[in-house]
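Participant: Here it is, the structure in full.
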Amino acid sequence: MECPKEIVLLMHSYFDGDLQPEGEQRLKEHLRSCAACAAHFHELKKTVAFLQYAAHVAAPPSFAAKVMEAMPKERKTARLRRFMHRHPLLTAASLFLALTLSSLASSWGERGAFSVSADEHVIIRDHTVIVPKGETVKGDIVVRNGSIRIEGTVDGDVTVIHGKKYMASAGQVTGEVEEINQVFEWIWYNIKEKFNRALQSIE
Amino acid sequence: MYFMDLFIKKRIKAIQKGDQNAYADLVDLYKDKIYRLCYRMLGNRHEAEDAAQEAFIRAYIHIDTYNPEMKFSTWLYRIATNLTIDKLRKRKPDVYLDEEVGGTDGLTMQAQLPSREASPEEAVESLELQETVQRAIERLPEKYRSVIVLKYMEDLSLQEISEILGLPVGTVKTRLHRGREALRRQLGHL
């Protein structure tokens, strides 16, 4: 009646699926000769079968909907914080852009004094720069808070900020002519300028 | 299997980016498993539903701590198992009282196990067997209960169970042996 403890251990190894062939042999032999252990083994087998038989319960039909309803509503700030946490570079870049834009936009508001980047070969009268007939300005002209009247020739770009450009039919500009009277144009102009300057410094 | 893993991985990435709807797919995929685990652990449908729901919400809130090297189901099972064990511990005083009463006059025990004296034929063919099995599981101490439920109700490997519970495989085996023996004493005669 006193069976070695090893027999019960072999039984459990069998249920764990790691009974080696020698062990299996030993268990079989013992069970054939020992009614008590055979009964024990039979009961364990039945127990396991009962457990496996226990029906697979399913979640109630509305379960998934209830979970989704009970989910914490994401606050916008939480989402933003998570985004910033995941994309530090993008966050830094957009922050930089926002700051640049806002400082530019405010600098647009303060109407500074009249200024012009060229003073040779031009006549300045009442906030208006005149490129007289027959004259040629070599290089770009930037006029701020004033207008330009081109009767001669400009060998470069002409940019007018907060002002108007008047071109006589004979007037000739070899480069681009730009008039900036909108805040967005102003911002765009600044970005282009900075970009060009950055390119030049690289070159 | 590979396709499934990829699907789950994509969902998790979407959730981590803030797409709450992507989580609905995962809930759908695992709701039966997690609910079943909770039901087997707690033995009561209402509590099981609450616990399963809580497990899914916890998983969602802590999705950033999920380690993709682990199977997502393993992680979910871990959350749900810990949660039900917590709940069991919290209500322990009640169970203890019940058992005391049962020990003195045997009434509570019998009330809990109505089919215990039923003939095997009756028990086997009816829902009562399931009731009996469930009651027997509920009378296991929680450390045996969790391994038995994960192994036989959820049909998980010893390796997965060891990951879910954070225990060495050897410990899982020992607990399974003891759990099976305890259940044999209750169910083996049926």
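The values are calculated or read from the model by the stated rules, or taken from the named source; none is laboratory data. Keep in mind it's a predicted model, so treat the numbers as computed, not measured. All Cβ positions, glycine included, derive from the backbone under ideal geometry; neighbour counts span all protein chains shown. Quick note on the areas: whole protein, heavy atoms, side chains included, nothing else; ligands and nucleic acids left out. Shrake-Rupley method; radii C 1.70, N 1.55, O 1.52, S 1.80 Å.
Participant: Return the equivalent ellipsoid semi-axes of chain A as a descending list in whole Å, where each equals the square root of 5 times an eigenvalue of the C-alpha gyration tensor.
Facilitator: Over the Cα atoms of chain A, the ellipsoid semi-axes are 95, 21, 13 Å.
Participant: Here's another thing I want to ask about it. Pull up all non-local amide H partners of residue A:154: gap of 5 or more, or a different chain, and H-to-H distance under 5 Å with H placed in the peptide plane.
Facilitator: For residue A:154, the qualifying residues are A:137, A:172, A:173, A:174.
Participant: Hey, can you grab everything whose amide H is under 5 Å from the amide H of residue A:57? Only 5+ residues off in sequence or another chain; H modelled, so Pro and N-termini drop out.
Facilitator: Excluding prolines and chain starts, which carry no amide H, there are no hits.
Participant: How large is ³J(HN,Hα), in whole Hz, for each residue of segment A:174-186 in order, when computed from phi with the Karplus curve 6.51 cos²θ - 1.76 cosθ + 1.60 and θ = phi - 60°, using x for Gly and Pro?
Facilitator: 6, x, 8, 10, 9, 10, 10, 10, 10, 4, 6, 4, 4
Participant: Right, next: Rank B:41, B:70, B:18 by how far each Cα sits towards the positive end of the charge dipole of the protein assembly as shown (+1 on Lys, Arg Cβ; -1 on Asp, Glu Cβ) and give me just the farthest.
Facilitator: Checked the options; the winner is B:41.
Participant: Given H placed on each backbone N at 1.01 Å, which residues far from residue A:148 in sequence or on other chains put an amide H within less than 5 Å of it?
Facilitator: Those lying under 5 Å, H to H, from residue A:148 are A:129, A:164, A:165, A:166.
Participant: Let me ask something else. For peptide B:12-20, what's the mean number of Cβ atoms from other chains within 10 Å of each residue's Cβ?
Facilitator: Average per residue, whole number: 2.
Participant: With +1 on each Lys and Arg Cβ and -1 on each Asp and Glu Cβ, and nothing else charged, work out how big the dipole of segment B:2-89 is about its Cα centre, in Debye to the nearest 20.
Facilitator: With only Lys, Arg, Asp and Glu charged at Cβ, the dipole is about 200 debye.
Participant: Please report the carbon-and-sulfur percent of the accessible area for chain A; probe 1.4 Å, protein heavy atoms only, DNA, RNA and ligands left out. Show your work: numbers first, answer last.
Facilitator: Working: 7550 of 13280 Å².
Percent of accessible area from carbon and sulfur atoms in chain A: 57.
Participant: When N is the residue count of segment A:142-185, what does its C-alpha Rg come to as a fraction of 2.2 N^0.38 Å?
Facilitator: That works out to 1.10 for segment A:142-185.
Participant: Angle between the Cα long axis of helix A:21-33 and the longest principal axis of chain A, 0 to 90 degrees, nearest 10?
Facilitator: Long axis of A:21-33 versus the principal axis of chain A: about 30 degrees.
Participant: Can you give the angle from 0 to 90° between the axis of helix A:88-109 and the longest principal axis of chain A, with both taken from C-alpha atoms, to the nearest 10?
Facilitator: In chain A, helix A:88-109 runs at an angle near 30 degrees to the longest axis.
Participant: Ok, one more. Please list the radius of gyration and Dmax for segment B:150-190, considering alpha-carbon atoms only, with Å as the unit.
Facilitator: Rg then Dmax for segment B:150-190, in Å: 11.3, 34.
Participant: For the protein assembly as shown, what is the mean residue ellipticity at 222 nm derived from helices alone (per DSSP H run of n ≥ 4: -39500 (n - 2.57); sum divided by total residues; nearest 500 deg cm²/dmol)?
Facilitator: Theoretical 222 nm ellipticity from helices: -20500 deg cm²/dmol.
Participant: Inside 10 Å of the C-beta atoms of B:34-45, what's the mean count of C-beta atoms belonging to other chains?
Facilitator: 2
Participant: A further question on this structure: With viscosity set to 1.306 mPa s at 10 °C, what whole-number translational diffusion coefficient in µm²/s follows for segment B:31-88 from Stokes-Einstein and a Kirkwood radius over Cα pairs?
Facilitator: Working: Rh = 11.2 Å.
Here the translational diffusion coefficient equals 141 µm²/s.
Participant: Please tell me which of these pairs span more than 18 angstrom C-alpha to C-alpha: A:5/A:46; B:33/B:71; B:90/B:151; A:66/B:31; B:13/B:71?
Facilitator: Checking Cα-Cα distances, A:5/A:46; B:90/B:151 exceed 18 Å.
Participant: A follow-up question, please. Other chains near B:49-62: what is the mean number of their Cβ atoms within 10 Å of each residue's Cβ? All intermediate terms of the calculation are to be shown ahead of the outcome.
Facilitator: Details: counts 6, 1, 0, 5, 8, 2, 1, 7, 5, 0, 0, 5, 2, 0.
Partner Cβ neighbours, averaged per residue: 3.
Participant: Take the Cα atoms of the protein assembly as shown, build their convex hull, and give its volume per residue in Å³.
Facilitator: Expressed per residue, the convex hull around the Cα atoms of the protein assembly as shown is 233 Å³.
Participant: Could I ask something else about it? So for chain A, averaging the separation of alpha carbon pairs under 8 Å that are six or more residues apart and normalising by length, what relative contact order in percent results?
Facilitator: Dividing the mean separation by the residue count of chain A yields 10 percent.
Participant: In chain A, which longest range has no trypsin sites (Lys or Arg not before Pro) that are both DSSP loop (not H, G, I, E or B) and surrounded by at most 13 other Cβ atoms within 10 Å?
Facilitator: On the way: sites that count: A:73, A:75, A:111, A:133, A:164.
Longest gap between qualifying sites, sites excluded: A:1-72.
Participant: Return, in residue-number order, each cysteine of chain A whose C-beta is not under 4.7 Å from any other cysteine's C-beta.
Facilitator: Cys with no partner Cβ under 4.7 Å: A:3.
Participant: Can you give me the Cα centroid spacing of segment B:15-85 and segment B:156-171 in angstrom?
Facilitator: 18
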